[in-house]
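Student: Dumping the structure here so I can ask a few things about it.
Nothing in this text is a laboratory measurement; each read-out follows from the coordinates by a stated rule. Not measured: the values here are computed from a predicted model. Counting neighbours? That spans all protein chains shown, and the Cβs are built from the backbone with ideal geometry, glycine included.
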Amino acid sequence: MSVLEKAKELGIELSNSKELHSLREAEEMMLKNQESQKAISEFNEKQEAFQVIQSQGLQLTEGQKKELEDLEMNMLNNPYVYNFFKAQQEFENVLQSINNIIAESIGMKPGDGCDCGCGQTNDSCDSGCCS
């Protein structure tokens, strides 16, 4: 069996995993709940507005930072949003475990190289691996 066939097999197993099933179920519940949608929308709108301010070279005031923190807490206190983020984190943990197993299997230790912030690693942090 080729490496690509094994990757497809792994993808099929992941698609049948309880973690992905939980993630999809939590997302569906979150999207159906009007309160969670309102909290997410309010947070996203304010975050985007504040990013525009920052992109113009201006600093956010303490009041603006507090407002965004309050909206984030309101969003995360919604049980549907919380359950979605929790399920997402559990699925990401599975993916990280898989990456670690693959890295060890090919003779790398997890964390070798530098994280370029784009899912790639590079032995020299000075070079731009994501360019």
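Student: May I ask you to evaluate 6.51 cos²θ - 1.76 cosθ + 1.60, the Karplus curve with θ = phi - 60°, for each residue of the stretch 44-53 and list the ³J(HN,Hα) values in order in whole Hz, giving x for glycine and proline?
Tutor: Result, ordered by residue: 4, 4, 5, 4, 5, 4, 6, 5, 4, 4 Hz.
Student: Using a ≥ b ≥ c from the Cα gyration tensor of the stretch 1-68 (square roots of the eigenvalues), is it rounded, prolate or oblate, where a/c under 1.5 gives rounded and otherwise the larger of a/b and b/c decides, a/b for prolate?
Tutor: oblate
Student: Here's another thing I want to ask about it. Could you go through the stretch 22-33 in sequence order and give the Karplus-derived ³J(HN,Hα) for each residue, using 6.51 cos²θ - 1.76 cosθ + 1.60 with θ = phi - 60°, rounded to whole Hz, and x for Gly and Pro?
Tutor: 5, 4, 5, 5, 5, 5, 4, 5, 5, 5, 7, 8
Student: Something else: At a Förster radius of 41 Å, what calculated FRET efficiency corresponds to the Cβ-Cβ distance of LEU60 and GLU104, to the nearest 0.05? Kindly include the intermediate steps, with their values, before the conclusion.
Tutor: Working: r = 43 Å, r/R0 = 1.04.
Efficiency, from the Cβ-Cβ distance: 0.45.
Student: May I pose another question? Calculate the all-directions average of the projected area of the stretch 3-122's alpha-carbon convex hull, and give it in nm².
Tutor: Mean projected area for the stretch 3-122: 10.3 nm², to one decimal.
Student: Could you compute the FRET efficiency for GLU13 and LYS46, with r as their C-beta to C-beta distance and R0 at 41 Å, rounded to 0.05?
Tutor: That pair, GLU13 with LYS46, gives E of 0.55.
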